1. Restricting attention to segment 115-149, which residues are closer than 19 Å to Val84 by Cα and out of contact with any helix residue (DSSP H, G or I) (no Cβ under 7 Å at 6 or more places or on another chain)?
2. Which of the following residues is touching a helix residue (DSSP H, G or I) at 6+ places or on another chain (Cβ under 7 Å), open to solvent by 80 Å² or more (accessible area, probe 1.4 Å) and assigned to a loop (DSSP other than H, G, I, E, B): Gln25, Gln50?
3. When the residues of segment 80-109 are filtered to those that are farther than 19 Å from Ala15 by Cβ and among the charged types (D, E, K, R), which remaining residue is surrounded by the fewest Cβ atoms within 10 Å (Cβ to Cβ)?
4. So Met56 passes all but one of these: (1) open to solvent by 30 Å² or more (accessible area, probe 1.4 Å); (2) part of a loop (DSSP other than H, G, I, E, B). Which condition number does it fail?
5. Do you know which residues across segment 152-171 are among the hydroxyl-bearing types (Ser, Thr, Tyr) and either surrounded by 10 or more Cβ atoms within 10 Å (Cβ to Cβ) or within 19 Å of the chain's Cα centre (by Cα) (or both)?
6. Inspect all residues belonging to segment 63-71 and state whether any of them is surrounded by 15 or more Cβ atoms within 10 Å (Cβ to Cβ), farther than 19 Å from Leu114 by Cα and either aromatic (Phe, Trp, Tyr) or modelled with pLDDT under 95 (or both).
7. Being within 11 Å of Leu31 (Cβ to Cβ) and touching a Pro at 6+ places or on another chain (Cβ under 8 Å) is the filter here; which residues of segment 41-83 pass it?
8. Under 7 Å between Cβ atoms, at least 6 apart or on separate chains: pull out the pairs that start in segment 16-34 with a residue that is under 15 Å from Asn48 (Cβ atoms) and end on any residue that is modelled with pLDDT under 95.
Amino acid sequence: GRIEIIKGHHFLIDAMPAILEVFPQTKLLILGDGTEKANCEKQVKDANLQNNVAFMGFVQQPYQYISHSDILVQPSFFESFGLVFVEGIALQTPIIAFDVPAGNEILENDITALLVNKGDSKALAEKVIYLLKNPDVAKQIAANAYEKYKSEFTTEAMVKKMAAWYKSLSL
């Protein structure tokens with residue numbers, strides 16, 4: 001991923017102290033690189049979060065990180081498609097994101113993910129804490145999302161949809 005203003009990493013870093021009050025062993029792994037990385041690293045240092053936040057740099061295959069995470073948090077202001085959402089869904093990792101396009105076009109709040117108002121660090125923290133306290137809810141959200149993945153985002157499902165769309169044009 002890219003560490004840029006539009007990706008909202010600073011909101012998630014702002015949420016970390018509240019999360020750590022309840023779950024002090026929480027680790028935040030930030031994958032990617034970009035123009036905001038130095039600012040985010042400074043924010044982590046200023047908040048004394050170095051033991052709980054790690055910058056992993058650019059990762060060619062992020063799947064091992066996503067699949068071994070308790071939660072995927074994507075605080076972007078906007079995603080053109082939101083591939084990271086589909087990747088998280090496919091790997092059955094519960095997702096928390098800002099309620100913005102394209103996330104809110106792929107994810108359904110309280111069904112396949114938890115969505116919060118854009119820029120709300122407090123709500124991000126509350127949702128992370130909620131899922132960590134309620135692993136059965138996290139599993140159910142991930143399972144619901146995976147069912148959506150199978151019906152909408154597998155190659156077979158997308159080919160069927162595309163074929164149906166082309167067929168509808170010829171009528």
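1. Correct list: Lys118, Lys127, Lys139, Ile141, Ala142, Ala143, Asn144, Glu147.
2. Working: Gln25 fails: touching a helix residue (DSSP H, G or I) at 6+ places or on another chain (Cβ under 7 Å).
Only one candidate passes the filter, namely Gln50.
3. Per the criteria, the residue is Glu105.
4. (2)
5. Start the filter on segment 152-171 by keeping residues that are among the hydroxyl-bearing types (Ser, Thr, Tyr), which leaves 154-155, 166, 168, 170.
Hit for segment 152-171 is Thr154, nothing else.
6. Yes, segment 63-71 has at least one match.
7. Leu72
8. none
The values are calculated or read from the model by the stated rules, or taken from the named source; none is laboratory data. Just so it is clear, the model here is predicted, and its values are computed rather than measured. For neighbour counting, all protein chains shown are included, and Cβ atoms are generated from backbone atoms with ideal geometry for every residue, glycine included. For accessibility, only protein heavy atoms count, side chains too; no ligands or nucleic acids. Shrake-Rupley method; radii C 1.70, N 1.55, O 1.52, S 1.80 Å.
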